[in-house]
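The values are calculated or read from the model by the stated rules, or taken from the named source; none is laboratory data. Being a predicted model, the structure only gives us computed values, none of them experimental. Cβ atoms come from the backbone with ideal geometry, glycine included; neighbour counts cover every protein chain shown.
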Amino acid sequence: MKILYICHRFPYPPKRGGKIRPFNMIKYLSQQGHQVWVASLARSQQEFDECSGIKDYCHQYTIGLVNDAVQWSRMIINLPTPTPSSLAYFFSRKLKKQINTWLSEESFDLIFVHCSSVAQYVEHVRHIPKILDYGDMDSQKWLTYRSFKPFPFNLGYWWEGKKMKFSEKNLARKFDLTTCTTKAELDTLNSYGTALKTDWFPNGVDADFFQPDGTVYDPHSISFIGRMDYFPNQQCMLEFCHQILPLIQEKIPDTKLYIVGAEPSKKIKSLEKINGVVVTGSVKDVRPYILRTAAMVAPLNIARGTQNKILEAMAMGVPVVSSKLAAGGIDAIPDEHFLTADTPEEYAQKLINLMESAPLREKYAKAGRERMLTNHAWQKSMKKMESLVLNCVNNKQQSI
């Protein structure tokens, strides 16, 4: 088939959450013999220059290079309007023009959109089968943000969440199939009652890339991975360092916490003033940092869909202690394959147990990796995705 694939963040290199899922879809579809035409955005010249590697995984690609400051101004202009600011942020006239050119010149068998914010480019198309992969339901993320933001900013997040929810409902009517990353996200989508057909397929993890390598770990160390310009990551690390780490250090004074991720804010950098906290900033490869720690923590209070950081740590055989919210998108059993916690005391005790008991750590290391191999392999997830694609195209053809 000839497939037009549109996503909100350019899927190469696949080094962050918003890029990993679309990259693996594109890669798999191309491996199955489909021609995939990729259309997406780049926000800097550096990002634009890095995009060329996608050519090994698709038939053609086009990039809308946008100025981030301009996109932010568009968001602000749209704040008081009924149009979600997110749609303005992910709009590019150049990209729209190229997509329209492809649509007029090529005979696509399928349009596949990842993320509702870029569905605007093809929502008008009627004659081609269309799939919208929401990934996560973004409206719910914005609505959750309001609880963590001061007045009057919380009103802005509430308003954006309401606008996004209306947009998500409306878009569901315009696509032949809408999908999500988890059953919980699917339940939210189905609650709208507007979608023609819905389903879900999970995120996976590259268990060959993320695997144990025999690194000797420091038993008195913990890690966290994630972009540190992302508010949910910032919020949970600020809370962890001030409320949980002191409890751990009462029992194990030399405990170190490695916060590994690009673009740390001033508040995150200031955490290095706390004894034992190391903020790495951007690193070429997160694996050495995670492999040398006793456990990886994911104490997120704002989380939708699947947390790739949890999949990656478990695949490397590093035990995970996660919030119950962040654990919701993981196809694994708490207390059997990984650990969950709700309170600072629970986090501290479970991490202390892992740091003090090598056999306990080994138990969760093995169980976590084995679960990733059986339940979160990309091959398994992508086979389900391809089945959904083929059924969608066949059903559309039969209805014409």
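Does L271 satisfy being surrounded by fewer than 24 Cβ atoms within 10 Å (Cβ to Cβ), aliphatic (A, V, I, L, M) and assigned by TED's automatic domain parsing to the domain that holds Y364? Judged against the criteria, L271 is a match.
So that you can scan it fast, the table gives a plain yes or no per residue for (1) within 15 Å of the chain's Cα centre (by Cα); (2) modelled with pLDDT of 95 or more:
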residue	(1), (2)
K284	no, no
M296	no, yes
L300	yes, yes
T306	yes, no
I310	yes, yes
A315	no, yes
V321	no, yes
I333	no, yes
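Conditions: (1) in contact (Cβ under 8 Å) with a residue 60 or more places away in the chain; (2) among the hydrophobic types (A, V, I, L, M, F, W, C); (3) closer than 21 Å to R126 by Cβ. F90 meets all but one. Number of the miss? Single failed check for F90: (3).
For the range 162-198, name all the residues that are hydroxyl-bearing (S, T, Y) and in contact (Cβ under 8 Å) with a residue 60 or more places away in the chain. S167, T179, T181, T182 - these are the residues of the range 162-198 that are hydroxyl-bearing (S, T, Y) and in contact (Cβ under 8 Å) with a residue 60 or more places away in the chain.
Taking the numbered list (1) modelled with pLDDT under 95; (2) surrounded by fewer than 18 Cβ atoms within 10 Å (Cβ to Cβ) in turn, L325 passes all entries but (2).
Could you count how many residues in the range 362-397 are in a helix (DSSP H, G or I), closer than 25 Å to L132 by Cβ and either hydrophobic (A, V, I, L, M, F, W, C) or in contact with a Gly (Cβ under 6 Å, 6 or more places away or on another chain) (or both)? Selection size over the range 362-397: 9. I'd like to know if the range 308-327 contains one or more residues that are within 22 Å of I244 (Cβ to Cβ), in a loop (DSSP other than H, G, I, E, B) and touching a helix residue (DSSP H, G or I) at 6+ places or on another chain (Cβ under 6 Å). Yes, that holds for at least one residue. Quick one: in the range 287-322, which of the residues that are of a type in the set (V, I, T) and touching a Cys at 6+ places or on another chain (Cβ under 9 Å) is surrounded by the fewest Cβ atoms within 10 Å (Cβ to Cβ)? Filtering the range 287-322 for residues that are of a type in the set (V, I, T) and touching a Cys at 6+ places or on another chain (Cβ under 9 Å), the one surrounded by the fewest Cβ atoms within 10 Å (Cβ to Cβ) comes out as I302. For the range 212-251, which positions are touching a residue at least 60 places away in the same chain (Cβ under 8 Å), crowded, with 16+ Cβ neighbours inside 10 Å and in a loop (DSSP other than H, G, I, E, B)? Those that are touching a residue at least 60 places away in the same chain (Cβ under 8 Å), crowded, with 16+ Cβ neighbours inside 10 Å and in a loop (DSSP other than H, G, I, E, B): Y217, G226, R227. When residues in the range 335-359 are screened for being without any contact (Cβ under 8 Å) to a residue 12 or more places away in the chain and of a type outside the set (S, T, N, Q), 3 of them pass.
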